[in-house]
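The values are calculated or read from the model by the stated rules, or taken from the named source; none is laboratory data. Bear in mind that the values here come from a model prediction, so they are computed numbers and not experimental data. Cβ placement follows ideal geometry from the backbone for every residue including glycine, while neighbour counts extend to all protein chains displayed.
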Amino acid sequence: MEISRFAYCLFCFCFASPCWLSPVNAQQVFIEAESFDSPGGWKLDTQFIVNMGSPYLLAHGLGHPVKDARTIVTFPEKGKYHVYVRTMDWVARWNAPGQPGRFQVLVDGKPLEQTFGTQGADWFWQTGGTVDIEKTRTSVALKDLTGFDGRCDAILFTKSNESPPNTSEVLARWRRELLGLNETPTEKHYDLVVIGGGYSGMGAALSAARMGCRVALVQDRGVLGGNGSSEVRVWAMGNIRRGKYPRIGEMVEEFCDHATKSPGSYEEFEDQRKEAIFRAEPNLDLFLNHHAYQVESDGKRITAIQAFDTRTSEQVRFTGRFFADCTGHATIGFLAKADSEMTPEGRMGMSNMWSWDEAAEPISFPETPWALDLAMEDFPYPVDHHGQWFWEGGFDKDPIGQAEAIRDWNLRAVYGAFNAMKNRDGAEEHKTARLTWLAYIGGPRESRRLIGDVVLTKDDIIEKREFSDGCVPSTWSIDLHYPKEQYAKKFPDNPFISKAEHDRRIDRNYGYPVPYRCFYSRNIENLFMAGRSISVTHEALGTTRVMKTCGMMGEVIGRATSICVRHDCLPRDVYSSYWTEMDGLLQLPGKAYRKSVNDELVVPEDSMPLASRTGILAGQDPAKLDGIVIDDEAAVKSGNWKSGINLRGFVGMGYLYSNPDSGAEICFQAQAPKTGRFEIRLAYQPHKNRGSTVPVAVETDGRLKNLTVNMKKPPADDGFFSLGTFDLKKGSTISVTLTTENSGGAVHADAVQIIEVDP
């Protein structure tokens, strides 16, 4: 018997599954729709596997029937078969009139008598009658009739008239048996298994791999980027490369999009470029289209996760020393029984953005009686041909258990709005309007959060509470979304237009440093997390949730993983015992790498230039200047000093300045490297508000020299002002102190340089 890759014909006496006992000698042909040879215009939807048990094909044609999905099936014998198709009428849960998801099943080119997608408010096996199979090798196709999101999970041909079990169990045993899958999954072992291929997962995987860890990146969709992919098209926000560790974010800069709008165009998100970066990383294996659905643990640690290929259903078991939950929904942590929480009410919702364009000639759009009943006044006009971030629903709905219903409600809202534009009070103005894109992959903002050793709060951020392990700069305002009242009146149970309420008491330049202790679970010892599910409150999530910030979290946990592997320790130990080492790793360029965690670090020549504390490229590198250079960051300060970067030519990350007569003082100290004659020089940037009589005291070998410097005038020599030459003994202390008393203007402090003078 010839066996198709995509359908398995099983001759069996009975199934061991207790939920479905098949009659003796029942002959079955089972086809997973997602594994068709050619999906045609149907889309693979993997978002709701946890709800309905399987990926499925979606006919997302924006009102135009999509191209048929086709496959070849080998039947065990000719004859009459009962047909069952797992599907649903996706608007029936709201008792909406009409059946927008209608489709046919074609066998050998002929449609079955039954039209599918016409029954059932939930997923179920719709009866398709019987079909006479005249050829054992036969084509099967899905023919979309509407272009309005018909959906098919699977098709069963059986000599029995008993329908299959309608279970939501993921990869149920009876499915595995009918598909002929191995009971024992393929085994793969890694130092770090990252689940979720959005910005946080990408940052974690790339960072750990470059630090010498063996890494698996498991993503349930066919592209990387999450909300920042061509599927969802949210532009990447959050400032990077700034704060205490301005090297963090360099990896994000390598793979991030540079979309100019949200939603952006397909091309702007460069899915192929993202994938190429990760395919090229030597220590990293990328598993696209793999859904993680089961976690094995011993109560304190995760030992393995099980995943399956969403196209073939083949299973993979990933064992690992460490795991990173970057799913956005805390899926892995939840399955492992990690401590978690979800805000009970007032959560942010899911968005499904959309866009439209103008055709050359008038174009029609089908009436949508099953969509939301909207007039033009019921929604904000899509300026610039875009339905933007505020097309958002599901605020108080279960963001996990009701995820498909939230997405489908959002689709009904968009279709209802476009129907108003085309067929109702907007028809005259929009004769040539055509719907060009609507996200069928939802853009979620909030669901479960995992609890770490620190739970970051809004007050921590606003009051700038300093944590010793603060490392990821969060620069987005505390941006929380709520239903917009004027549009919520008609649909109060599930409004679909949101408003953003911003608390802007955030340092948008430097950023608030989120502590590392928010990035690992407090009770599952080997579980990291990054992204929307980190250890923060609902309010704090409003600033940490944007994509580039999430990507930097990934960079941090990737480098922490290398320390855990190197020292055979746990994530918590990185903070308690190895933070000095972690501090050093966080100061490395993003392209720094080593083959294994015990190899020497290599910094490539094409590494990005160092950025300043506020993201602008840093000034002169102290390490590349002659002699000894003491930057302002290393100086001892008292009083009120402000940081600046606007006057270019500075040394290091920026400079400091203080008001006249403020009582502030700064002291640059060093030791003479040898006995000899040295010139001591002061770096500052001139400005008209600078002091003309800035007191400077130079102390060497107990001898004191007092000077005044006119900082209104530029230094004579490459940004440095000579304070004189001094005879020094090896190891003697040198100190240069600037004060604001009687300075005649603002005092500027950048760096001190000590250069040996030829004898």
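Filter region 664-692 down to the residues that are over 51 Å from the mean Cα position of the chain (by Cα) and not in a loop (DSSP other than H, G, I, E, B), then identify the one that is farthest from residue 640 (Cα to Cα).
Once the filter is applied, the top-ranked residue is 676.
Based on what the data block shows, is residue 324 part of a strand (DSSP E or B), crowded, with 19+ Cβ neighbours inside 10 Å and out of contact with any Cys (no Cβ under 6 Å at 6 or more places or on another chain)?
Criteria met by residue 324.
Can you name the number of the only condition in (1) basic (Lys, Arg); (2) in a loop (DSSP other than H, G, I, E, B); (3) over 21 Å from the mean Cα position of the chain (by Cα) that residue 566 fails?
(2)
Taking the criterion of being in the same structural domain as residue 636 (by TED's automatic domain parsing), among the hydroxyl-bearing types (Ser, Thr, Tyr) and either in contact with a Gly (Cβ under 7 Å, 6 or more places away or on another chain) or exposed (fewer than 14 other Cβ atoms within 10 Å of the Cβ) (or both), would at least one residue in region 685-707 satisfy it?
Yes - at least one qualifying residue is present in region 685-707.
Working only within region 74-123, note down all residues that are more than 42 Å from the chain's Cα centre (by Cα), in a loop (DSSP other than H, G, I, E, B) and touching a residue at least 60 places away in the same chain (Cβ under 8 Å).
75, 76
How many residues does region 693-714 hold that are in a loop (DSSP other than H, G, I, E, B) and either under 51 Å from the mean Cα position of the chain (by Cα) or on the phi > 0 side of the Ramachandran plot (or both)?
Matching residues across region 693-714 total 7.
Looking at residue 519 and the list (1) at pLDDT below 95; (2) at negative phi; (3) surrounded by 24 or more Cβ atoms within 10 Å (Cβ to Cβ), which single condition is not satisfied?
(1)
Does region 222-241 hold any residues that are among the charged types (D, E, K, R) and surrounded by 24 or more Cβ atoms within 10 Å (Cβ to Cβ), and which are they?
233, 241
Considering 191, 149, which residue is closer than 23 Å to residue 401 by Cα, touching a helix residue (DSSP H, G or I) at 6+ places or on another chain (Cβ under 7 Å) and not in a loop (DSSP other than H, G, I, E, B)?
Of 191, 149, the one residue that is closer than 23 Å to residue 401 by Cα, touching a helix residue (DSSP H, G or I) at 6+ places or on another chain (Cβ under 7 Å) and not in a loop (DSSP other than H, G, I, E, B) is 149.
Name the strands (runs of 3 or more DSSP E) wholly inside region 218-314 in which the number of residues that are modelled with pLDDT of 95 or more and in contact with an Asp or Glu (Cβ under 8 Å, 6 or more places away or on another chain) is 2 or more.
Here the list reads 290-297, 302-309.
Here are the criteria: (1) within 11 Å of residue 419 (Cβ to Cβ); (2) in a strand (DSSP E or B). Tell me which single one residue 370 does not satisfy.
(2)
Could you list, in sequence order, the residues of region 594-625 that are at pLDDT below 95, in a loop (DSSP other than H, G, I, E, B) and either among the small types (Gly, Ala, Ser) or under 18 Å from residue 650 (Cα atoms) (or both)?
Listed by number, the residues that qualify are 607, 609, 610, 612, 613, 614, 615, 616, 618, 619, 621, 625.
Go through region 438-460 and give me each residue that's within 17 Å of residue 371 (Cα to Cα) and either outside any loop (DSSP other than H, G, I, E, B) or in the same structural domain as residue 56 (by TED's automatic domain parsing) (or both). So that I can check it myself, show each step before the final result.
We begin by selecting, within region 438-460, every residue within 17 Å of residue 371 (Cα to Cα); these are 438-440.
Result: 438, single match.
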